[in-house]
Each structure stands twice: as structure tokens, then as C-alpha cells.
1. Being in contact (Cβ under 8 Å) with a residue 40 or more places away in the chain, under 17 Å from residue 263 (Cβ atoms) and touching a strand residue (DSSP E or B) at 6+ places or on another chain (Cβ under 6 Å) is the filter here, so list the residues in the stretch 135-147 that pass it.
2. Determine whether residue 246 is loosely packed, with under 15 Cβ neighbours inside 10 Å and either away from ligand 1 (no atom under 16 Å from the Cβ) or part of a loop (DSSP other than H, G, I, E, B) (or both).
3. Looking at the stretch 124-159, which of its residues are more than 16 Å from ligand 1 (Cβ to nearest atom) and crowded, with 16+ Cβ neighbours inside 10 Å?
4. Is there a residue being away from ligand 2 (no atom under 16 Å from the Cβ), modelled with pLDDT of 95 or more and surrounded by 24 or more Cβ atoms within 10 Å (Cβ to Cβ) anywhere in the stretch 194-201?
5. If you scan the stretch 154-177, which residues turn out to be within 16 Å of ligand 2 (Cβ to nearest atom) and closer than 26 Å to residue 109 by Cα?
6. Select, from 304, 327, 241, 253, the only residue that is in contact (Cβ under 8 Å) with a residue 60 or more places away in the chain, assigned by TED's automatic domain parsing to the domain that holds residue 210 and crowded, with 22+ Cβ neighbours inside 10 Å.
7. With the checklist (1) surrounded by fewer than 17 Cβ atoms within 10 Å (Cβ to Cβ); (2) part of a helix (DSSP H, G or I); (3) at pLDDT below 95 in hand, flag the one item residue 220 doesn't pass.
8. Checking the condition touching a helix residue (DSSP H, G or I) at 6+ places or on another chain (Cβ under 9 Å) and in the same structural domain as residue 296 (by TED's automatic domain parsing), which residue from 144, 123 passes?
Ligand code: KG4
Ligand code: ZN
């Protein structure tokens, strides 16, 4: 299973090979990460990431099979990410999955990355039954979906420009934070030291009564706030900032986070009302990398409760990209008989 990233997102690229049993037990999980590319170059370069995946994939797959203690021939199916993502990197996984499927005569299940973020909630929360509302918040996408069945989703809202994770990552970079663990966690941590009302950022799309998301304007507001506080011209890494400078940055981080989460709450509240008028939903699922943020979890939990829903949020390690979500989504489709022979081509489909 491959996850992709492009340089703009400043997150980590890694191969992950996972085996999940039909009953949801994770029998093996091996990850090969390219996190050092991020700290060394400040981003992920597609060509380098592709080479990294190609170099790692055979070993990662063999280790996962060894760890699980099963023979390839005893597997039921093989699931692989088909997109959305960087085709160069996706292709490495698709090619490997295809060759395994052909060699061991296994059915093949192409998995959509964002569907997997949503479906992994059902692995961790066995009480979660369709229909439910899903908010997906990651580096490349924000989505609000009404999940009716496996593979059957009504889209209520989507990203109009930048996704929230991209805004977190850009803010982290502008604030000179250490990106080693990712921009989002760095902003979340610094925000704890700041006053969330220090900077009066405006909440995006307040007057537009739909469920779409826009974070590009907030990103620009953050940039302007930093410039106006005169910490950009000589921006030093946060570890070298003096106490006053650190406080300014913490205030910006906290104010950014407050408004970013308010935008999520805003769109989500409307989506809940729509969804409740269409369907007997009982739960709100929040997943994707940004769902590992404690403020996001808490605020959306409160929102769900206010509307008589329960929040179902996977544990943080399954909110951020992982192979388990791909394997589990494969299981969900396989159980419904939705697998095929491997495709006769190597190229991933053009998935958005
Ligand atoms: O879903 P994901 O792991 O990868 C994509 O599919 O994009 O999401 C990655 C995004 C990154 O932008 C990362 O900074 C953000 O999730 N993220 C967070 C946190 N942990 C990861 N954002 C805010 N707070 C966090 N704790
Ligand atoms: Zn993701």
C-alpha cells in the first residue's frame, strides 16, 4: 500500500504493507518511511519518493508476509491504493500488487485513499452502522460525505482550494516550526502556549450556505499577520526565537487553529442538518491526518453531541495515512464480493 505526497504538502512519504484478517485483526504491519527527505529538503519530491518506494517495496512486502506467518498462496485478496495521489509513487504499489496478484492468482481490490480514511472508522468502532456522516480532513482533501453503504457515498461538501492540512503545514513553515513530526502537530503544540483570540482572523465563507471548504484565504491571513508582526523578515527557527517572538508565533498558531476549526464546525453543522433531514444518521465520523488533532476531536465531539450524534474518530495513528485503512477497506469490499482480477496495465487509474 502506498501513500503519496507532493512537495507542497510537507508531509511524509512511506510504503506500508499490512495484513488484515476478515475479522479485522491486524496480523502484520511493516512501514518504510521517507521522513528524512522532509527534514533534509523541506518537502517530498515525487521522483525521489518514487525511487524510495521502488527500493523499499520488495523488502517491506516480504517482511510483512514473514511477520504474519502465512503463505502468499493462502491470502484471499490483495488491496492497493489506486489514488488520488502522485501517479509516480502510486504506480510502484500498483505494479507490485499486480505482480503478486498474478503470481498467486489473487483477486485484486483497488482502493480510493479517501474512502479508506472513512472506512477505517468501522474497523475500530464495530458499533458504527450505516448511514453515517463523515468529515475527512487531510493534507490534500476536505470532504463531507453521507456514507450510505460500503462504496456508496453522497458528497455534501468538498475542498474549493487548499485543504486544512495544507493550511496547517504552510502555517508551520511560515512560523519557522520544526517540521520533523509534520506541520500539523507542530502548530497544535505551539498553539497550546498562545492566545486563540490574539489575532482576529475571519472565518472563511461565513455567508455562503453550503458545506464546501476554503482554507486558501486563511493561509494568506496568517502570512499577512506574520508580516505585520515583523517576524518574517528575520524569521529564525522557533528554537532560536526569544520569549516575545515565541509568544507572537504561539498567538498566531492558536488564532489560526481556532478559526480553522470554527470553519470545520460551521460546515459540519450544516451538513449534519442536511444529513439528518435525509437519513437516520446516528454518528459523525471524523478522520484523515488532521483528525488526530486534540482540538479538532474535542470541538467536533461537542458539535456531534449537540446534534444528538456520537463522534467516531479513529485513534490518531489510524487517522493519519496508514496501510491498515487500505487493507481494511479491501476487506469491506471483498466481503461484498467486490474484487476483480488484476488489471492488465500498470498505470493507476486517474482517481480524484
Ligand atoms: O491524511 P493524511 O495523513 O495525509 C493525506 O492524505 O494528506 O493528512 C496529513 C495532514 C498533514 O497536513 C498534517 O500536517 C496533518 O494531516 N496533521 C495534523 C495533525 N497531524 C497530522 N494537523 C493538525 N494537527 C495534527 N495533530
Ligand atoms: Zn490521507
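1. Hits for the stretch 135-147 are 135, 136, 141, 142, 144.
2. Answer is no for this residue.
3. Within the stretch 124-159, the subset more than 16 Å from ligand 1 (Cβ to nearest atom) is 125-133, 146-157.
125, 128, 131, 132, 133, 146, 147, 150, 153, 156, 157, listed by residue number.
4. There is no residue in the stretch 194-201 that is away from ligand 2 (no atom under 16 Å from the Cβ), modelled with pLDDT of 95 or more and surrounded by 24 or more Cβ atoms within 10 Å (Cβ to Cβ).
5. 158 - this is the single residue of the stretch 154-177 that is within 16 Å of ligand 2 (Cβ to nearest atom) and closer than 26 Å to residue 109 by Cα.
6. On the way: 304 fails: in contact (Cβ under 8 Å) with a residue 60 or more places away in the chain; 327 fails: assigned by TED's automatic domain parsing to the domain that holds residue 210; 241 fails: crowded, with 22+ Cβ neighbours inside 10 Å.
Going through 304, 327, 241, 253 in turn, the sole match is 253.
7. In the conditions (1) surrounded by fewer than 17 Cβ atoms within 10 Å (Cβ to Cβ); (2) part of a helix (DSSP H, G or I); (3) at pLDDT below 95, residue 220 misses (3) alone.
8. Just one listed residue meets the conditions, 144.
The values are calculated or read from the model by the stated rules, or taken from the named source; none is laboratory data. A quick note: this is a predicted structure, and the numbers were derived from the prediction, not measured. Note: ideal-geometry Cβ built from the backbone for every residue, glycine included; neighbour counts use all protein chains shown.
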